[in-house]
Amino acid sequence: MLLKDFYRVKRLGRYLRKDKKRLALIVLLLLPLSFAGAIQPLLVGQAISSLKGEPTLFWLSNLSTSNAVRTLIIVLFISVLIRLCLQGYQSYNIQSVGQSLTSRIRKDLFAHSMNLSLRYHDSMPVGKLLTRLTSDVDALSEVFGSGAVGVLADIVSLIVITCTMIAIDMKLGILLLATQVPVTYLILWLQKRYRRANYRVREELSELNADFQENLQGIEVVQMFRRESTNAKKFALTGNKYRNAVNGTIFYDSSISAFIEWVSLAVVAVVIALGGLLVTKGSMGLGTLTSFILYSQRLFEPLRQLAERFTQIQGGLTAVERIGELLEEKIEIKDIKETKDYINEDLNKSKKIDLGEIIFDNVSFSYRPNDQIINNLSFKISPGEHVALVGPTGSGKTTVIRLLCRLYEPQKGTILIDGVDIKTIPLTKLRRQIGVVLQDTFLFSGNIADNLRLDSSLSNEELIQICDELGLGSLLNRFPNGLNTTLRERGGNISSGERQLLSVARVAIRNPNILIMDEATAFMDPSTEAALQRDLDRLLVKRTALVIAHRLATIESSDRILVMKKGRLIEQGSHEELRAQRGLYEQLAKLQEQGLAKF
């Protein structure tokens, strides 16, 4: 555990390289701050010694009592002022560096999460991932701002106070120092248990966020099926688990604080008893005893803060562990840099080379072990050919699209586009060649122009021109402010049909070589579908098309139909050829003609 913590903390340390100078300044300020704090009890004790006529430090011995007290008050005031100024300046820099640290980590976590394959995201609830990007990163900021540097400050303060006490009276100083050993041991023992309890808190918080996020996303289903009270009870159970986990950390935290408070009071009592005896015997001055009483209180103050900071650090180490687990998650879909060997599609177009050939060569894929979705699938689609992919639910049609777009990596076989293995094509180039229109359209919050533009740099005028050329100009006229119409999250303020029209438009303006449609007209009324079909026919000219459709009218116009069942290609041919074979396609076609089933 310690070795893993060290490795993860060291790995996160690279995020502090840009702030090396400020970190060095923060560490350098620890000495004057500790010295300014440690000198104050000594000055108070010297003031009492001066008033009682007891021996004082050499620089006060030649001064009168009033001048000595006045000097001590001035020095005490200056030390307090210096400490406040330095502490304020140091705190500002600590918090500033902490925020820079978390900003960089959150940026990398987001980028890493976006690069992880869909396989990872399928198994990781959004709420849990969100907790790591927000709560865990914030805990890391807190541990750096109040914990790591604070621990150094407390250790330096302990060393300075200990050295000062031993210099004043060695026997009493060593006695006080000896009390720290069992206290430190018990604190470390409690901290180990706090660490385990805190990890459980983070896990339960992830569950809480995941449950909350799922209910918000499915609010329509929750309300339609009157699941409010049932889901509220389920959420309450998750909340109770989180509360119980937090109570576990509170127990250890309060135990540490109570133990240190009790020990500090006991030590002060011992100092007063022994010191009082020494003062009575004349072996120690009252001023020295006062200094020791103040030092004994200050000796436990850094220890108390250390315990609190260790609690924060344990929470931070839990966050480091969880963040480290995410950063250590391997990128399954590895991108490659663009090379000269890769043929530029624009150059090919200028040479009038036909593009869009697709080859699946003995491809096998499974989402989980021993659950084969695609089994030795092989087929070839020629450039410009329009192919429909049909089959029963669960036959692997959507998986074929995901593999072609390289959202998943097949366990076996090769996928080629224009004779090139897609693993050797840069992802930017690959996905620029493929335009995908899905049945479930996702739109980002913002305006329509941003959703059409996405990664391109087209101006609004160019977007309007392209939409007009594609016959989609009427789409923009549907919206009150045209391209500047604001969309809510997931396009919740427009209809499903309008969302699909926008999805078709944003694919069309990229002019892809291969067009993939997964029931792209499912949510459209007949008139809108007929209008869009004309635009799609024009869009499909000289382009390879792979269509997943559930309507016979859409399928039978294809050049070729591929029929899949349980991840295998069992039939292929034109509509007439497949009807003549009287196989699975014929059965599905008859059922649909009777209105009993869809492809």
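The values are calculated or read from the model by the stated rules, or taken from the named source; none is laboratory data. As the structure is a prediction and not an experimental result, all values here were calculated from the model. Neighbour counts are summed over all protein chains in view; Cβ atoms, including those assigned to glycine, are modelled from backbone coordinates with ideal geometry.
May I ask you to verify whether Gly248 is over 14 Å from Ala197 (Cα atoms), assigned by TED's automatic domain parsing to the domain that holds Glu308 and surrounded by 15 or more Cβ atoms within 10 Å (Cβ to Cβ)? No; evaluated as a whole, the condition is false for this residue. Determine, yes or no, whether Arg490 is outside any helix (DSSP H, G or I), among the basic types (Lys, Arg), assigned by TED's automatic domain parsing to the domain that holds Glu586 and surrounded by 14 or more Cβ atoms within 10 Å (Cβ to Cβ). No, not satisfied. Inclusion of Ser283 among residues that are under 28 Å from Tyr185 (Cα atoms), of a type in the set (Ser, Thr, Tyr) and free of Cβ contacts under 8 Å to residues at least 24 places away in the same chain is not warranted. In this entry, Asn62 passes the filter for residues that are loosely packed, with under 15 Cβ neighbours inside 10 Å, at negative phi, free of Cβ contacts under 8 Å to residues at least 12 places away in the same chain and not in a helix (DSSP H, G or I). For the range 158-201, taking the residues that are free of Cβ contacts under 8 Å to residues at least 40 places away in the same chain and of a type in the set (D, E, K, R), the one that is farthest from Tyr295 (Cα to Cα) is identified as Arg196.
Against the list (1) out of contact with any Lys or Arg (no Cβ under 8 Å at 6 or more places or on another chain); (2) of a type in the set (A, V, I, L, M); (3) in contact (Cβ under 8 Å) with a residue 24 or more places away in the chain; (4) more than 23 Å from Ala24 (Cα to Cα), the condition Ala153 fails is (4).
Taking helices (runs of 4 or more DSSP H) as the structural unit, those lying wholly within the range 438-480 and holding at least 3 residues that are under 35 Å from the mean Cα position of the chain (by Cα) correspond to 448-453. Just to check your reading of the model, which residue among Tyr252, Tyr242 is at pLDDT 80 or above and within 28 Å of Glu308 (Cα to Cα)? Matching residue, one of Tyr252, Tyr242: Tyr242. Name the single residue, out of those in the range 440-483 being among the hydroxyl-bearing types (Ser, Thr, Tyr) and farther than 12 Å from Leu502 by Cβ, that is surrounded by the fewest Cβ atoms within 10 Å (Cβ to Cβ). My answer is Ser457. Of the candidates Leu403, Leu438, Leu416, the single residue that is aliphatic (A, V, I, L, M) and modelled with pLDDT under 90 is Leu438.
Results for (1) in contact with a strand residue (DSSP E or B) (Cβ under 9 Å, 6 or more places away or on another chain); (2) β-branched (Val, Ile, Thr); (3) under 25 Å from Lys330 (Cα atoms), shown as yes or no for each residue.
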position: Asn370; (1), (2), (3): no, no, yes
position: Leu377; (1), (2), (3): yes, no, no
position: Arg406; (1), (2), (3): yes, no, yes
position: Ile415; (1), (2), (3): yes, yes, yes
position: Gly419; (1), (2), (3): yes, no, no
position: Lys429; (1), (2), (3): no, no, yes
position: Gln439; (1), (2), (3): yes, no, no
position: Asn447; (1), (2), (3): yes, no, no
position: Ser457; (1), (2), (3): no, no, no
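Scanning the range 472-521 for residues that are charged (D, E, K, R) and touching a helix residue (DSSP H, G or I) at 6+ places or on another chain (Cβ under 9 Å) gives Arg478, Arg490, Glu498, Arg499, Arg506, Arg510, Asp518, Glu519. For the range 45-58, a tally of residues being surrounded by fewer than 17 Cβ atoms within 10 Å (Cβ to Cβ) and either within 59 Å of the chain's Cα centre (by Cα) or modelled with pLDDT of 80 or more (or both) returns 1. Residue-level check: of (1) in contact with a helix residue (DSSP H, G or I) (Cβ under 7 Å, 6 or more places away or on another chain); (2) free of Cβ contacts under 8 Å to residues at least 60 places away in the same chain, Ser91 misses just (1). Within the range 390-403, track down each residue that is closer than 13 Å to Arg568 by Cβ and crowded, with 19+ Cβ neighbours inside 10 Å. Answer for the range 390-403, where residues must be closer than 13 Å to Arg568 by Cβ and crowded, with 19+ Cβ neighbours inside 10 Å: Gly391, Ser395, Gly396, Lys397, Thr399, Val400.
Arg70 satisfies every condition listed in (1) more than 30 Å from Ile331 (Cβ to Cβ); (2) surrounded by 15 or more Cβ atoms within 10 Å (Cβ to Cβ); (3) of a type in the set (Lys, Arg) except (2). Checked across the range 102-114, the condition of being free of Cβ contacts under 8 Å to residues at least 40 places away in the same chain, basic (Lys, Arg) and in the same structural domain as Gly150 (by TED's automatic domain parsing) holds for at least one residue.
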